[in-house]
Structure formats: structure tokens, C-alpha cells
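Chemist: Supplied in C-alpha cells, the structure appears directly below.
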Amino acid sequence: MSDQPSAGVDVLRERLLAVQDRVGEAARLAERDPAGIRTIVVTKFHPASLVRDLAALGVADVGENRHQEAQAKAAELTDLDLRWHFIGQLQSKKARQVRAYADAIHSIDRDALVDALRSDERSTDCFVQVNLTDDPGRGGVAPAELASLVDRVLETPGLALRGLMAVAPLDEPARAAFARVRELSERVVLPAAPDAASLSMGMSHDLEDAVAEGATHLRIGTAITGNRPVAG
Ligand SMILES: *Cc1c(COP(=O)(O)O)cnc(C)c1O
């Protein structure tokens, strides 16, 4: 796994098509239009060259979870027309730097981060991340605090709320966890922000469950990129 070379373009193409098939089949079962489901390819730990190969295959949305790595790749690939999605835990002091290259931030999880992203000059799409576990270290706001954080985002210039983001916990069936996100969206978010209906949820192993519960943004890593190189 650690010495695995980056996948060649043919392998990437096959995996992209396989994921597309899975999304299409899940959408069919859920009686949803697959056009309403965007696949973000998570390229963390992989080199910029792999992102370039993906772009050549038609990928338009990529996801990264570490600021320094994301910043370096985005800087190297400014010639490509990519949308960069920041999906990792974010320190408030790095917030402004992230917004410089990120088209969307999926990991808004506390007031201090919202305040750090305030801007009168530009608007960045964002998702509030919900923590579906009892472990506060996992990232995301506790469901009980969601309403007040959503309000904070809505009253902060420079942030355009798109919806909710979540990662399914390991100790619970993913479908049930994603159903809770959908329920929070309907009960807490939509009454305050009717346009913020997006749901960023679903990864390589649970995308079918996410599509069944209304996901609009899938964050798919290994199913497309192969195993991640070990962090160096
Ligand atoms: C790495 C990561 C993913 C992609 O996970 P895979 O299992 O490789 O598809 C999705 N979301 C977040 C927040 C991640 O950190």
C-alpha cells in the first residue's frame, strides 16, 4: 500500500466510470435525478499530477482536507478550471488563507471559524458540518448547537450557506446516520434558509446510503484514486 504508484490514467478512468455507475444505480433506486448529485474527488495525500490526470478525464470538483497541501496543489494547478472543496478540520487562523483558493468550505463547525471567514468583499459557499458521534474531537457541531451556528452563518457577510455536511460514524449503519442529517436539514436548516438544501455526505464505502438519504455532494476518495499514499 505504501509503495503503490499513483494510478495511471486508464485505471482512473475505469474507477471514475465505476463510481458513476454506482451513483447512477443508487439514484435510480432512490428515484432521483443523478444530475442533482455532484461527485467531489478527494485527492488528499496524492500529488498534483493525479489531480491533473483527473481534470483531463473531466473531473471538475476536487476535495482536500489539509490546508498546506491543498494550497500548494491549487497554486500548482491554477491553469485548470477546478473547483476546490475544503473538507477537513480548519483552524480559525488559517481560515482566510483557505478561502483564497477554496470555492467551498464543507467543515464549518464553530462560531470562531464563522467569524474568521467574515468578508465584505467576496462570498464563499459553505456547509455546516454536523458531528454524528458523541466524540467532540471528531469535527462538526453537536446537533443541539446546530440552529445557533446556522444563524451565525446566515448573519455573517461573506458566507453563502449551501447546507449540511457529515461523515457517518463507524459504529452505526451509515443509512441511519445520513437519515439524521436529512432530518436536521429539514427541521433546523430549511426553515431558516430555504435555499441551503444541499447535503454533503457519502464516501467511497457508503455512497449508496448517502444517495438514498438525499446527498447532493458525494466526497469520494479511494474508490477513484486508489489507496492513499502514507502521509509523509
Ligand atoms: C478522506 C475523506 C473523504 C473520502 O474518503 P474515502 O473513503 O477515501 O472515499 C471524504 N470526506 C472526508 C471528510 C474525508 O476526510
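Every number in this text was worked out from the coordinates using simple rules, so none of it is lab data. The model shown is predicted, which means the values in this text are computed figures rather than measured ones. Note: ideal-geometry Cβ built from the backbone for every residue, glycine included; neighbour counts use all protein chains shown.
Chemist: Collect the residues in the stretch 148-158 that are assigned to a helix (DSSP H, G or I) and either surrounded by 16 or more Cβ atoms within 10 Å (Cβ to Cβ) or touching a Phe, Trp or Tyr at 6+ places or on another chain (Cβ under 9 Å) (or both), keeping them in residue-number order.
Modeler: L149, V150, R152, V153
Chemist: Kindly list the number of the only condition in (1) more than 17 Å from the chain's Cα centre (by Cα); (2) within 16 Å of the ligand (Cβ to nearest atom) that fails for D120.
Modeler: Condition not satisfied by D120: (2).
Chemist: Just for the stretch 61-80: of the residues that are touching a residue at least 24 places away in the same chain (Cβ under 8 Å) and charged (D, E, K, R), which one is nearest to V167 (Cα to Cα)?
Modeler: Ranking the qualifying residues of the stretch 61-80, first place goes to E64.
Chemist: Would you mind finding the one in T133, T225 that is of a type in the set (S, T, Y), in contact with an Asp or Glu (Cβ under 9 Å, 6 or more places away or on another chain) and either on the phi < 0 side of the Ramachandran plot or more than 16 Å from the ligand (Cβ to nearest atom) (or both)?
Modeler: The match here is T133.
Chemist: Related question: Going by the structure shown, is S92 touching a residue at least 24 places away in the same chain (Cβ under 8 Å), among the hydroxyl-bearing types (S, T, Y) and crowded, with 19+ Cβ neighbours inside 10 Å?
Modeler: So S92 does not fit the description; no.
Chemist: Here's something else I'd like to know. Can you give me the number of residues within the stretch 169-196 that are in a loop (DSSP other than H, G, I, E, B) and under 17 Å from the mean Cα position of the chain (by Cα)?
Modeler: 2
Chemist: Considering only residues that are part of a helix (DSSP H, G or I) and crowded, with 22+ Cβ neighbours inside 10 Å, which ones fall in the stretch 114-140?
Modeler: V114
Chemist: Taking L199, is it under 18 Å from H85 (Cα atoms), within 12 Å of the ligand (Cβ to nearest atom), in contact (Cβ under 8 Å) with a residue 12 or more places away in the chain and in a strand (DSSP E or B)?
Modeler: So L199 fails the test.
Chemist: If we keep just the residues of the stretch 10-43 that are under 18 Å from L82 (Cα atoms) and surrounded by fewer than 19 Cβ atoms within 10 Å (Cβ to Cβ), which is farthest from the ligand (Cβ to nearest atom)?
Modeler: Taking the candidates together, the pick is R13.
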